[in-house]
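One structure is given here, and the rest of the page talks about it.
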Amino acid sequence: MSDPFRRAVQQLARFPGVGDKTATRYAYWLLRQPPDAARDIADAIISLKASVRECSVCCDLTDREVCGRCTDGRRDPALICVVERPQDVRAIDASGEFKGQFHVLHGALSPLDGVGPNDLRIQALLARIGAMGPGPECILATDPDVEGDATSLYLARLLKPLGVRVTRLAHGIAVGTEIEFADRVSLARALEGRREIG
C-alpha cells in the first residue's frame, strides 16, 4: 500500500468501532468518489471541531452560545432531564414525550476510571437550579449501570436540599422482551418500579 493510502487507513481506524478492515474499505470507497466528496467530508469534520461548543446553559453541544432547546419558550424550564451524553438528549427528544429542558453531564462518576464530580458538569447544574429557587423537578436519566446509579444517587443528595423534586427514569423489562429471557437485574428493577394499574 502507498503511504497516503496507509495514512488514510490509520486515520480512519481512529473512529470508534472502526477496525483496519473497515478503515481500508472506507479508504477504497473514498478513492472511487469524485474529488469533492473527500473535500466535503474533510471540511465537515474541520467545521465540526471549529464550530461546535457547549451550550452555556445546559452543556449540550451547539453552534451557538445558548442552544435552541434552552431558548424554546414551549419547553418547561422547571423540568430538567439530566443525562450523561449529548446523544442521550437526542434519544429522549425523539420520543416526543419530554417537554422540559436538559442538562448534559458529559459522563458519569467512575472512580476506577478517575472520573470524579469535578470532571462532570455538576456545578453548572447546581448553579442553574440555584438560580431557579425551590420547586423544579430533575429527572435523572443516567444509564442503568453502576456508574449511572452512583451518579444519580450523588446528584439526588445534592439536589434534594435545594428544594428540588428528584426522580429517576424507570428501569425494568424492555417492551417486547419475554419474561423468561429477561436478566435478573432487569426483573428486579421491574418489580421494584411496579405501579398500580386500573
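Please treat every number below as a calculation from the coordinates, not as lab data. Since the model is a prediction, treat every value here as computed from it, not as a measurement. Because the Cβ atoms are built from the backbone with ideal geometry, glycine has one as well, and the counts that use them run over all protein chains shown.
Here are the numbers:
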item: The chain: angle of helix 35-51 to the longest principal axis, Cα-based, in degrees nearest 10; result: 40
item: ³J(HN,Hα) computed for each position of segment 116-130 - Karplus, 6.51 cos²θ - 1.76 cosθ + 1.60, integer Hz, glycine/proline x; result: x, x, 6, 8, 10, 8, 6, 4, 5, 5, 5, 5, 5, 5, x
item: Using alpha-carbon coordinates, inclination of helix 20-32 to the longest axis of the chain, degrees; result: 60
item: Gaussian network model of the chain, springs between alpha carbon atoms under 10 Å - residue of R184, R64, R157 with greatest fluctuation; result: R184
item: Residue-span extension gain [D93 to R53] - 0.36 nm each, minus C-alpha spacing; result: 12.4 nm
item: GNM result for the chain, Cα springs below 10 Å: residue of D40, D93, D60 fluctuating most strongly; result: D40
item: Listed residues I41, I139, I129, most fluctuating in the chain (Gaussian network, C-alpha, under 10 Å); result: I41
item: Charge sum, other residues only, whose C-beta stays under 13 Å from A150's C-beta, Lys/Arg counted +1 and Asp/Glu -1; result: -4
item: Over segment 74-164, relative contact order from alpha-carbon pairs under 8 Å, at least 6 apart, %; result: 33
item: Computed FRET value (nearest 0.05) for E137 with D20, which takes r as the C-beta separation and R₀ as 45 Å; result: 0.40
item: Calculated log₁₀ intensity ratio I(q)/I(0) where the Debye formula runs over C-alpha points of the chain, q = 0.09, 0.11 Å⁻¹; result: -0.50, -0.71
item: Taking the chain and dividing mean pair separation by its residue count, relative contact order in percent (alpha carbons under 8 Å, at least six apart); result: 13
item: Charged-residue dipole, Cβ positions (Lys, Arg, Asp, Glu), segment 74-164 about Cα centre, Debye nearest 20; result: 480
item: In nm, spacing of pseudo-spin labels at D72 and R32 (7 Å Cα→C-beta vector); result: 3.9
item: Unit charges on C-beta of K, R, D, E only; dipole of segment 3-51, Debye; result: 180
item: Dipole in debye (nearest 20) - the chain, about Cα centre, beta carbon charges: Lys, Arg +1; Asp, Glu -1; result: 300
item: Anisotropy class of segment 74-164 from Cα gyration tensor, a/c 1.5 cut; result: oblate
item: Crossing angle, helix 3-12 versus the chain [Cα axis fit, 0-90 degrees, rounded to tens]; result: 10
